[in-house]
1. I'd like the FRET efficiency for T181 and C117, computed as 1/(1 + (r/R0)^6) with the beta carbon distance as r and R0 of 30 Å, rounded to 0.05.
2. Between W151 and E95, how many nm apart are label points set 7 Å from Cα along the C-beta direction?
3. Looking at the calculated P(r) for the chain, what percent of the C-alpha pair distances fall above 23 Å?
4. Net charge near A62: determine it from the other residues with C-beta under 15 Å of the C-beta of A62, scoring Lys and Arg +1 and Asp and Glu -1.
5. Stretched out fully, how many nm does the piece from R173 to S17 gain, at 0.36 nm a residue minus the Cα gap?
6. For the chain, set up a GNM with springs between Cα atoms under 10 Å and report which of E119, E167, E61 has the largest fluctuation.
7. Could you work out which residue, out of R158, R33, R23, moves most in a Gaussian network model of the chain, that is, has the largest mean-square fluctuation with Cα springs under 10 Å?
8. Let a ≥ b ≥ c be the square roots of the eigenvalues of the Cα gyration tensor of segment 64-162; is it rounded (a/c under 1.5), or, if not, prolate (a/b larger than b/c) or oblate?
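Nothing in this text is a laboratory measurement; each read-out follows from the coordinates by a stated rule. These numbers were taken from a predicted model, which means no experiment stands behind them. Because the Cβ atoms are built from the backbone with ideal geometry, glycine has one as well, and the counts that use them run over all protein chains shown.
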Amino acid sequence: MADPEPGFAVCVYCASSDGIAPRYLELADAVGREIAGRGWTLVSGGGRRSMMGALAAGAREAGGRTVGIIPRSMVEREWADHDSDELMVTDSMRERKQHMEDRADAFLALPGGLGTCEELFEVWSGGALGLHGKPVVLLDPDGHWDGLLDWVGGLTGRGFASRTPMERLRVVRDGADPVATALDACARPVG
Ligand code: AMP
């Protein structure tokens, strides 16, 4: 597999709430570091709370470039990441998501809540519809998303999808090095 071009950018979606188990922050930190280690750019929601903050801080500590994109209304709620190499403040959530999508060469979702779920579904369904050709990867080491994946997996059998949407999502669970495996999956072009 050819290495991606310099400047390859991965948009990572993940939790922004406090109170989650420390292992999720460790996961986000490891993903940020791995992105930086590959010389790639991190595109994120531009918050400094929770996993989103750990992700961007990890990437920068490892020498990576971070781009944060946050709606004006969330600058305080998510504590805007003013240490970002580039911090874009948008007028709306829709604009934020569009810029995040445009700036990325691949999408990676980690454990998260409703916001992460919504972001994942937007790029996943867009990919399944052929609206973009970028890889969409889900890194789920502890089964956080299992219930949702089971439900989507059942859509085809019940006639709600002609081809299984699971074909368009690369799911990485555990294994020797799930973070590296997930980022390898981000770099592999959609066939
Ligand atoms: P969560 O997974 O709920 O912690 O949210 C993760 C990120 O998704 C946060 O930065 C939210 O601002 C963002 N997000 C994106 N779209 C939405 C939406 N429609 N509703 C709530 N949060 C959203």
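1. Numbers: r = 22 Å, r/R0 = 0.74.
So the FRET efficiency works out to roughly 0.85.
2. If labels sit at W151 and E95, their model points lie 3.2 nm apart.
3. Details: 6838 of 18145 pairs.
In whole percent, the long-distance tail amounts to 38.
4. Details: positive: R33, R38, R60, R65; negative: E26, D29, E34, E61, D83, D85.
Net of charged neighbours comes to -2.
5. Details: separation 156, 0.36 × 156 = 56.16 nm, distance 2.22 nm.
Value of the extension gain: 53.9 nm.
6. Maximum among the listed residues: E167.
7. Answer for the Gaussian network model of the chain: R158.
8. Values: a/c = 2.15, a/b = 1.82, b/c = 1.18.
It comes out prolate by the Cα gyration axes.
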